[in-house]
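Read through the structure below, which is laid out as structure tokens, and then see the notes.
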Amino acid sequence: MTNNEIIWILIVLLCIFIGLYILNDKKENLEYDYGYVKHTCQINPPGKYIHTCNNCKLNTKYDVMKCDCKDTADFDRTTLLHNVSKCKNIENIDGKLECVANNK
């Protein structure tokens, strides 16, 4: 595991911890959407997709991320990426999230 991956995992865990603290303190401050936690801390997994995708939501329980990404015709496509925690780099390939490199 690289230092960047460790840092990303620690940041995600910190974001989850902060979200759970807020949930226990003020339940209305943490948004849920069908099990997907919206990025209240603005933490996204690494990758170039962040320039062409929006409304990204991460479901840490099932290790899935859902985003609306632009395809080559500039239309938004809702896409899912499974096994997000194993991705070193995520890209938007014609409106679909894809893992460019995985841990082995």
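Going from the residue with the fewest nearby Cβ atoms within 10 Å to the one with the most, Val64, Val12 rank Val64, Val12.
A simple spin-label model places the labels of Leu10 and Asp71 4.1 nm from each other, with each point 7 Å out along Cα-to-Cβ.
Each Lys or Arg adds one and each Asp or Glu subtracts one; over the other residues with Cβ under 10 Å from the Cβ of Gly47, this totals 0.
Where a number appears in this text, it was derived from the coordinates with a stated rule and is not lab data. All values reported here derive from a predicted model rather than from experimental measurement. With ideal geometry, Cβ positions are generated from the backbone for all residues, glycine too; neighbour counts draw on all protein chains shown.
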